[in-house]
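Take a look at the structure below.
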Amino acid sequence: MINGKLCGLRADLEKRFPQATLTENFSFARHTTIGCGGYAALSIEPADEESAAAVLRYLNRGAIPYYILGAGANVLPPDEFFEGVVVRFRALRQIGREGNRLIVGAGSTGGSLLRSARAARLGGCEPFTGIPMTVGGGIAMNAGIAVRHFSDLVEEVLAVCEGETIVLRAQECGFSEKQSVFQNNIAVLRAVLRLSPSTAQNIERESCFYRLKRAHLPKGRSMGCTFVNPEGGISAGALIEACGLKGRRIGDAFVSERHANFIINEGRSAADVAELIGTIKEIVYKEKGVLLREEIRRIAPYPIT
């Protein structure tokens, strides 16, 4: 439960950021797609970009542990009580248009991005259809599939680094396979995406195509793909399957029989999921000589600099 020190923190946050939404005992199980983990002492949702930057500045200067959470996909939370603050940018949902560009707030969902692009007759986002994400989280993870990642669309990003707002051009974002500088204590507030003129019919047809491609993915509580596909042409899922790990279970977590790069969770223990991830990495490395890199992010405090 929240202690006296953190009660004082809540009171100070309420005083400094009266328009923000604060919640005590934030449940990771309720707010992540893997559906497990414990609680965080507090969550805060800043009301706008200016207050978002100010909140992060306050947390950094006070050496207060925090974690920025988007849609809660591709993350593994801790079972332990997190004596810190979960920051969510759900209020930053604005989407505007300038020619062939969309200016999109970090808290915008993938669905709202797709709807806005279709209404503007701008194509390019269709491969993101069905991916659970916010735009901020999608950019931070460089989310996407083989044919399209956010790095293909991002022109510039308004971000917060150590509490100060900065603008990064695409080439400054450090994009690579499921990587970016935004995984290192730099928070996305807003992005400019360069798209291409299209028609509503073409956009809908492409979206339908990618929606059907995702229909074969496993059902149940998961983080999506657990590992990044290694170089060399063979997928992480194929390597895991070749090691006979489909169906491997630890506690309430198991490797999907449908897609070996998915771990399905049937309980509340993040430790089961973490142990299974470690087992998969160990066996694949021993049998195939490949050290799998995790695509998912483990929730922990941002480093204080």
**Asked** Restricting the search to segment 46-64, which residues are open to solvent by less than 30 Å² (accessible area, probe 1.4 Å) and over 19 Å from residue 83 (Cβ atoms)?
**Response** 46, 51, 52, 53, 54
**Prompt:** Do we have residue 97 as open to solvent by 50 Å² or more (accessible area, probe 1.4 Å), modelled with pLDDT of 95 or more and part of a strand (DSSP E or B) here?
**Reply:** yes
**Request:** Please tell me if residue 135 is in contact with a strand residue (DSSP E or B) (Cβ under 8 Å, 6 or more places away or on another chain) and within 15 Å of residue 101 (Cα to Cα).
**Result:** yes
**Request:** Give 52, 91 a once-over and let me know the one that is of a type in the set (A, V, I, L, M) and part of a loop (DSSP other than H, G, I, E, B).
**Result:** 91
**Complete:** Picking from 204, 287, 295, the residue that is open to solvent by less than 40 Å² (accessible area, probe 1.4 Å), touching a helix residue (DSSP H, G or I) at 6+ places or on another chain (Cβ under 9 Å) and acidic (Asp, Glu) would be 295
**Asked** Could you give every pair whose Cβ atoms fall below 8 Å, whose first residue belongs to segment 30-52 and is free of Cβ contacts under 8 Å to residues at least 40 places away in the same chain, and whose second residue is open to solvent by 10 Å² or more (accessible area, probe 1.4 Å), counting only separations of at least 6 or pairs across chains?
**Response** 51/17; 51/19; 51/20
**Prompt:** From the set of residues in segment 157-175 that are part of a strand (DSSP E or B) and open to solvent by 60 Å² or more (accessible area, probe 1.4 Å), which is farthest from residue 209 (Cα to Cα)?
**Reply:** 164
**Complete:** Sole miss for residue 236 among (1) touching a residue at least 40 places away in the same chain (Cβ under 8 Å); (2) within 30 Å of residue 170 (Cβ to Cβ); (3) of a type in the set (Gly, Ala, Ser); (4) surrounded by fewer than 21 Cβ atoms within 10 Å (Cβ to Cβ) is condition (4)
**Message:** Please verify whether residue 191 is aliphatic (A, V, I, L, M) and under 22 Å from the mean Cα position of the chain (by Cα), treating the condition exactly as stated.
**Reply:** yes
**Request:** Enumerate the pairs (first residue in segment 145-167 and within 13 Å of residue 191 (Cβ to Cβ) and among the small types (Gly, Ala, Ser); second residue anywhere and open to solvent by less than 30 Å² (accessible area, probe 1.4 Å) and outside any strand (DSSP E or B)) with beta-carbon separation below 6 Å, excluding pairs fewer than 6 apart on the same chain, so at least 6 apart or on different chains.
**Result:** 151/142
**Message:** Quick check on segment 256-284: of everything there that is more than 21 Å from the chain's Cα centre (by Cα) and β-branched (Val, Ile, Thr), which residue is surrounded by the most Cβ atoms within 10 Å (Cβ to Cβ)?
**Reply:** 280
**Looking only at segment 30-45, and only at residues there that are out of contact with any Phe, Trp or Tyr (no Cβ under 7 Å at 6 or more places or on another chain) and of a type outside the set (Val, Ile, Thr), the one that is surrounded by the fewest Cβ atoms within 10 Å (Cβ to Cβ)** = 30
**Asked** Before we move on, is residue 67 assigned to a helix (DSSP H, G or I), open to solvent by 10 Å² or more (accessible area, probe 1.4 Å), hydroxyl-bearing (Ser, Thr, Tyr) and touching a residue at least 24 places away in the same chain (Cβ under 8 Å)?
**Response** no
**Prompt:** Going through segment 142-156 one residue at a time, which ones are part of a helix (DSSP H, G or I) and open to solvent by less than 30 Å² (accessible area, probe 1.4 Å)?
**Reply:** 150
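The values are calculated or read from the model by the stated rules, or taken from the named source; none is laboratory data. The structure presented is a predicted model; accordingly, all values stated were derived computationally and were not measured. Cβ atoms come from the backbone with ideal geometry, glycine included; neighbour counts cover every protein chain shown. Only protein heavy atoms, including side chains, enter the accessible area calculation; ligands, DNA and RNA are left aside. Shrake-Rupley method; radii C 1.70, N 1.55, O 1.52, S 1.80 Å.
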